[in-house]
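Only one structure is covered here, and it is reproduced in the block below.
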Amino acid sequence: MTDVTLKIDGADVTVPAGTLVIRAAEEAGIEIPRFCDHPLLAPVGACRQCLVDIPDAGNGRGFPKPQASCTIPVAEGMVVETQNSTAVKAQHGIMEFLLVNHPLDCPVCDKGGECPLQNQAMSHGQGETRFEGVKRTFPKPINLSPNVLLDRERCIVCQRCTRFAAEIPGDPGIALIQRGAQQQIGIAEDKPFSSYFSGNVIQICPVGALTSDDYRFRARPFDLVSTPGVAEHDACGAAIRVDHRRGKVMRRLAGNDPEVNEEWISDKDRFGFRYAVRDRLTSPMVREDGELRPASWLEAVAVAAAGLAGAGSVGVLPGGRLTLEDAKAYAAFARDTLRTPHIDFRSRPLSEEETGFLRSRVAGTSVTYADLDAADHVVLAGLEPEDEAGTLFLRLRKANRKGLRITTLSPYASEGSRKLGAEVVLTAPGAEKDALSQVSDVTEASVILVGERLATSPGAYSAAAELADRTGAKLGWVPRRAGDRGAVEADLLPGEGGLDAEAIVRGNLGALLVAGVDPDDTADPAAFLAALDQAGFVVSLEQRITAVTERADVVLPVAAASEKAGTFVTWEGRRRPFTQVFDKPAAYSDAEVLGHITTSLVEPASAASGVETNTVPSGASGERVGLDTPPPSGSGGSTDGSGFRLATWRLMLDNGTLQSGDKALAATARPAFVRLPAALHAEVGDVVTVTGDRGSWTLPALPAEMADGTVWVPTNSFGRGVWADLASPGSTVTIEGAQQ
């Protein structure tokens, strides 16, 4: 790209051709006031605050009147004046115009103290107003959604919010309505602004027009302490800023990290933080006479150490919420202290094929967001980015709008796929192996992204690896939870002769050490709960009361992400360190708690202490003992409602435990629908009963473009979830019309 040299306020500035004048001024350190301009949004010139004088457009002739610097590209020899009398008069005039109807309510406005309009009215506005009329007022606030509230009289119609919604997530549910002086931001009647990323419009609003229901009137910027952090709700590693006061989080904002999340985060990352104070465990507990009672840390650690030492074989299930430091501590505790190979972080359906894939094709590798930006083709398999990896979804959508080709192997053509402009290859669950072998136009400049759901599709991971090897394409694994990739790097997988998570559950081991595992997330929740009941000794490291803590012999509370420092490893393999927000007494990280237990094990990892090494009880080999998860075969499914393959994944907002406590966020969750082939929907109607080998659900149904013989339901948006209430992984379900 060629460079262009121009003069701005008398200084020579050289920038690439096509650069906007306002960006060139930024390069030169020259400030131009603006409201509608945003570097990640298309220029629109709506607010006119960035007017500058251009006496020479590079052709010896100037513009006859001031121009919006956010829409004019530079030209060789151009001369720009940002502070001469013409430019200053124009900027002052626009500011006076914007303030004509803007209320003088800065002391009660949530934007007060961090408001671009407030700041620029001081730096680029008149000292006095000439307006003597009555300012316009509206009823307030308007609920654009449960999260986003609109105070219309403050709006300067900069269109940042509407442009963001249409351009970045592809959710144009918020728009300009009416005309002239009555033009305002609005939504369709009885149709709230629905987007997983709606909270970003609050942050980028340059005035106090858009506010958060969660934060409204709760604090002011000068009250708050800000701490940078990393979002803990998925494996994307989005940068966030935690604003807190007196030991309480007031709000979370998007951090600016161009290499990862740019300036955007999901609503889950923004609003989902109250889990850290809701139903928290406040002290250790030990079981005595069949009942849990509070105990001191010294007593609880001693009881845990004694129980694990005398248990014989021990299974360790650390879950996927861990920092890298915690994951390494669990690996060392299991292998060096307990001398057990029975360890697995996967609290979900899994497979032995996946175990090998994670060790050989994921650990130590790196595929980055930059690789996606540079790719010619991205193939998605077992992955729905909009629901499972919000930051990844936004980066893929941005790349697609610039020409990236995306192919997704999915059981139905989802809205997320449409927003990505993806070519959808309708693929029934279990058929991903064959579908991957038939994907075309994959080159060494391509990227293949696979999700954790491929663990239930025999041969799929191997097919993805073979496709990458054959074409030279990069291969990446995108898990759901923030700690999963770090767990892989720490090798929290079964050791030689060890059992994986599903086999540990059915292995009749002497003791179980469980941390951050929700039984309803596992492949067989009933079997998991039964294993807890039957185990001789159970230790739970947990943040809050759960079905595991209710059955544990020792409960040890651990710190939430905001209460400790650590490192998350993203799906890319990128390490994302974060600092401690709150220094709370007795809020220990998992690694610290394990260290205390290790200290109490005077004779760790020896037969004398009762801890056997590499012991597998009778009937507890690495095979799935009694686990009924047959891979689907044949096309299956018929319009009589029998034998439909069950496809499922988690929606971004569902009944997950880390989302509890925020009512406004929960109100924006998408309702649970069954997705059916159009022909079947026409036959059974709008309400259906889905019956699997573990129960039945009656839910509303929608027609969709589906793979043959397939139906889809969200994993955890109804009841206790699919695996607990409906069906086992890989099984089939029946569909019947229900009475309405």
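The values are calculated or read from the model by the stated rules, or taken from the named source; none is laboratory data. Note that the structure is predicted; figures quoted are calculated from it, not measured. Virtual Cβ from ideal backbone geometry, glycine too; neighbours counted across all protein chains shown. SASA here: full protein model, heavy atoms, side chains in, ligands and nucleic acids out. Shrake-Rupley method; radii C 1.70, N 1.55, O 1.52, S 1.80 Å.
Among the cysteines of the chain, those with no neighbouring cysteine Cβ under 4.7 Å are Cys50, Cys70, Cys106, Cys109, Cys115, Cys155, Cys161, Cys205, Cys236. Per DSSP H run of n ≥ 4, the term is -39500 (n - 2.57); total these for the chain, divide by its residue number, and report the mean residue ellipticity at 222 nm rounded to 500 deg cm²/dmol. Here the helix-only value at 222 nm equals -6000 deg cm²/dmol. Size descriptor for the range 433-478, Kirkwood hydrodynamic radius: 10.5 Å (Cα pairs only, one decimal). So which lysines pass the test for Lys248, namely a Cα distance under 25 Å, with those fewer than 8 places away in the same chain ruled out? Qualifying lysines at Cα under 25 Å: Lys111, Lys268, Lys564, Lys584, Lys663. Our note on the geometry: Cα centres of the range 18-44 and the range 353-393, 34 Å apart.
Solvent-accessible area assigned to carbon and sulfur over the chain amounts to 51 percent, based on a 1.4 Å probe. Taking amide H as placed 1.01 Å from N in the peptide plane, Ala565 has its amide H under 5 Å from the amide H of Gln580, each at least 5 places away in sequence or on another chain.
Counting Lys and Arg as +1 and Asp and Glu as -1 over every other residue whose Cβ lies under 11 Å from the Cβ of Ala363, the net charge comes to +1. Give, as a single signed number, the net charge of other residues whose beta carbon lies under 11 Å from the beta carbon of Pro146, with Lys and Arg counted +1 and Asp and Glu -1. Net charge around Pro146: -3. Sites count as exposed loop sites when they are chymotrypsin sites (Phe, Trp or Tyr not before Pro), lie in a DSSP loop, and have at most 12 other Cβ atoms within 10 angstrom; the longest stretch of the chain without one is 218-740.
For the range 204-263 versus the range 419-441, the spacing of their alpha-carbon centroids is 37 Å. For the range 336-444, GluC sites (Glu not before Pro) are listed when DSSP marks them as loop and at most 13 other Cβ atoms sit within 10 Å of their Cβ; the list is Glu444. Diagonalising the gyration tensor over the Cα atoms of the range 239-307 and scaling each eigenvalue by 5 before taking the square root yields semi-axes of 39, 14, 11 Å, largest first. Most simply put, the chain has about 55% antiparallel DSSP beta bridges, counting only bridges with both residues inside it.
Principal axis extents of the Cα atoms in the range 180-300, from largest to smallest and rounded to whole angstrom, are 75, 37, 31. When Rg and the Kirkwood Rh are both derived from Cα coordinates, the Rg/Rh ratio for the range 1-64 amounts to 0.95. Rounded to the nearest 20, the Cβ-based charge dipole of the range 379-473 about its Cα centre (Lys and Arg +1, Asp and Glu -1) stands at 460 debye.
For the range 335-412, applying the loop criterion from DSSP together with a ceiling of 11 other beta carbons within 10 Å to the trypsin sites (Lys or Arg not before Pro) yields Lys402. Probing with 1.4 Å while keeping every protein chain in the model, the per residue accessible area of the chain equals 39 Å². Only Cα pairs under 8 Å and 6+ residues apart enter the sum, and on that basis the relative contact order of the range 53-107 stands at 34 percent. Angle of helix 460-471 to the longest C-alpha principal axis of the chain, folded into 0 to 90 degrees and rounded to 10: 50°.
Amide H to amide H, with H built 1.01 Å from N, Ile448 comes under 5 Å of Val379, Lys474, Leu475, Gly476, counting only residues 5 or more places away or on other chains.
Overall, the chain carries a charge dipole of about 2100 debye about its Cα centre when +1 sits on the Cβ of Lys and Arg and -1 on the Cβ of Asp and Glu, all other atoms neutral. Here is the list for the range 473-559: GluC sites (Glu not before Pro) lying in DSSP coil, each with at most 11 other C-beta atoms within 10 angstrom of its C-beta, are Glu496. The stretch between Glu705 and Glu352, if pulled fully straight at 0.36 nm per residue, gains 123.9 nm over its current Cα-Cα span. Taking other residues whose beta carbon is less than 12 angstrom from the beta carbon of Glu452, and scoring Lys, Arg as +1 and Asp, Glu as -1, yields +1.
With angles folded into 0 to 90 degrees, how steeply does helix 297-309 sit against the dominant principal axis of the chain? Use alpha carbons for both and round to 10. Between the helix axis and the principal axis of the chain, the angle is about 50 degrees. With contacts taken as Cα pairs under 8 Å and at least 6 residues apart, the chain reaches a relative contact order of 12 percent. The Cα atoms of the range 314-379 cover 48, 25, 19 Å along the three principal axes, with the biggest extent listed first. Built from the Cα atoms of the chain, the convex hull projects on average onto 35.4 nm², one quarter of its surface area. Restricted to Cα atoms, the range 69-162 shows a radius of gyration and a Dmax of 16.4, 51 angstrom. Measure nothing fancy, just the Cα-based angle from helix 85-99's long axis to the longest principal axis of the chain, in degrees from 0 to 90, nearest 10. Result, in degrees: 60.
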